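Here is the structure we will look at.
The values are calculated or read from the model by the stated rules, or taken from the named source; none is laboratory data. All figures in this text were calculated on a predicted structure; none of them were measured in a lab. Cβ placement follows ideal geometry from the backbone for every residue including glycine, while neighbour counts extend to all protein chains displayed.
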Amino acid sequence: MNERNMKPITEEIWMDYLSGNLSAEEMEAIGQRIEKEPEVAAAWEEIKSTWDLLTQAEPLPEPSTEMDAGFDAMLAQYAAKELKRKPLMEQLQSLLGTWVVPRWAVGALLLIIGFGLGRVLGPSGESEEMVALTQEVQDMRQMMMLTLLEQPRAQDRMRAVSMTQSLPTADEKVIEALVQTLHTDANVNVRLVAVEALAQYSENPVARMGLIESIAKQDSPLVQIALAEVMLKLGDTQSVSAFEELLENPALDTTVQEVVQETISKLI
């Protein structure tokens, strides 16, 4: 077997695998490793899901000039720290050249791949360099999420909110963006996923208060019921007064009334 197939699967090899630039023997060998080795399979699922996310048939809207400039600055800073990754960056950018994908999405994919595959690069995964890279990747994911939240399409904003599920932690900027989305987004489905996302960070006071304050702001029965279910699951008695005020609305949907009344009775 080719010596390359006996070594850990590096980022460069994964890129060759994605683009079909390996020999038939190498392609088969990696396919077998994906089937037999859980860590390799997990790495492949992560890179494949990220690839699918960023290379959908319908192109994403271009970000604003300010956001584009900010992302370019972050990429420049990252490149200065990780010069040894430059060949990989150039290779992937060339690979994506035929796809209609915004420049910021390509950069995000590079960083996500660098992190996701770090687990199969060997013991260095515990090094200070990998810890620093992990933080940089999380920062980039957060920026990607915030960028998508500004897009006009509800589909993009839903994807942005859903991305928070892959974040081990979220800073105040992300939490506040989720709260703002829950309070003001015109699309009901986007607000529903925002409820779920904020519930994930319910230990954060800003996230929890954002959920409670949103009770009075929602006019969709679906979102109102979702908030009631979340508050009941969290056992948050602070939400009782907000639900009681909601019941005073004469136009409140009858099903919502029943759900809210039951929620209040179980919380007090």
Report task. Name, by its number, the condition in (1) surrounded by 15 or more Cβ atoms within 10 Å (Cβ to Cβ); (2) closer than 21 Å to residue 185 by Cα; (3) at pLDDT 95 or above that does not hold for residue 252. Result -> (3)
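Confirm whether residue 151 is outside any helix (DSSP H, G or I) and at pLDDT 80 or above.
Details: outside any helix (DSSP H, G or I): yes; at pLDDT 80 or above: yes.
It is true that residue 151 is outside any helix (DSSP H, G or I) and at pLDDT 80 or above.
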Query raised in the report: Does residue 225 meet the test of being modelled with pLDDT of 95 or more, part of a helix (DSSP H, G or I), over 22 Å from the mean Cα position of the chain (by Cα) and among the β-branched types (Val, Ile, Thr)?
Result: no
